[in-house]
1. Name the one entry in A197, A150, A177, A186 that is among the aliphatic types (A, V, I, L, M), part of a helix (DSSP H, G or I) and surrounded by 22 or more Cβ atoms within 10 Å (Cβ to Cβ).
2. Condition (residue is in the same structural domain as A197 (by TED's automatic domain parsing) and closer than 19 Å to R80 by Cβ) applied to the stretch 135-148: is it met by at least one residue?
3. I'd like the full set of residues that are over 15 Å from V191 (Cα atoms), of a type in the set (S, T, Y) and in a helix (DSSP H, G or I), limited to the stretch 93-118.
4. How about the stretch 155-164: which of its residues are buried (at least 18 other Cβ atoms within 10 Å of the Cβ) and not charged (D, E, K, R)?
5. Is it the case, given these coordinates, that A167 is outside any loop (DSSP other than H, G, I, E, B), among the hydrophobic types (A, V, I, L, M, F, W, C), at pLDDT below 90 and assigned by TED's automatic domain parsing to the domain that holds P90?
6. Among the residues of the stretch 69-122, which ones are closer than 17 Å to T160 by Cα, modelled with pLDDT under 95 and touching a Pro at 6+ places or on another chain (Cβ under 9 Å)?
7. Would you pick out the residues in the stretch 181-213 that are under 20 Å from H126 (Cα atoms) and among the hydrophobic types (A, V, I, L, M, F, W, C)?
8. Answer yes or no as to whether V191 is in a helix (DSSP H, G or I) and either over 17 Å from V106 (Cα atoms) or in contact with a helix residue (DSSP H, G or I) (Cβ under 7 Å, 6 or more places away or on another chain) (or both).
Amino acid sequence: MAAPLMPLHVIVPGAGTAGIGNSPRRGCGASRAPSPDDRRYFTACERQVSTVVAGRSRAYIQTMRRVQSIDDHTASAPRRTSVVLANDHPGLRRSLRSLLEREDDVDVVAEVSDYQAALHEVAIDHPDVLVLDLRMPDGFSANRIERLRAVSAGTEIVVTTMLMNEALANEALKAGAIGFVVADSADRELVEAVRRARRGLPFMSPRVRRAVA
């Protein structure tokens, strides 16, 4: 069993004995050689300190290992592609969302049904990709794509449409869109278009590509 702790004046170098009567000084500042009791006391103290330090060192190492494990997992996990869906058909919008969210690397962060709402979401969320229906109620014009790009230069735009219109595809791409998907091919093409857009690579539905070639 460890020796009981000695009074504070014993372990403080040079400490006196004020308030303790006329007991002789003991410790590093004492004028006499330390007694066997002093040596046993300091040996016990050293052991206690060593045990505490070793325990804290082990706890610190274990904590750092857990932190490193979390960092390694975070670094190895691919960042999900954030997407805003802009389409005025609720049923089609739900279908597109379901299609995209089946993928582990895609996250639909918002849905909107008109251009002004799309502009607002893009300006606030700065998604990686905007999937934009060209035929929403407030219409389409090339300068709208240009404005969307202006409020969030890092957001790539993949346009969708029910119509396979070569002139419309060319106009959208010239305005700054990076992808063009015909809606009835979205189940086969939209995921690829979004992934390519995230990497800054263009995509065009093969049928439209053949038509504009």
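The values are calculated or read from the model by the stated rules, or taken from the named source; none is laboratory data. These numbers were taken from a predicted model, which means no experiment stands behind them. So basically every Cβ, Gly included, is an ideal-geometry build from the backbone, and we count neighbours across all protein chains shown.
1. That would be A197, the only listed residue that is among the aliphatic types (A, V, I, L, M), part of a helix (DSSP H, G or I) and surrounded by 22 or more Cβ atoms within 10 Å (Cβ to Cβ).
2. no
3. Y115
4. Answer for the stretch 155-164, where residues must be buried (at least 18 other Cβ atoms within 10 Å of the Cβ) and not charged (D, E, K, R): T155, I157, V158, V159, T160, T161.
5. So A167 passes the test.
6. Scanning the stretch 69-122 gives D88, S113, D114, Y115.
7. Scanning the stretch 181-213 gives L190, V191, A193, V194, A197, L201.
8. yes
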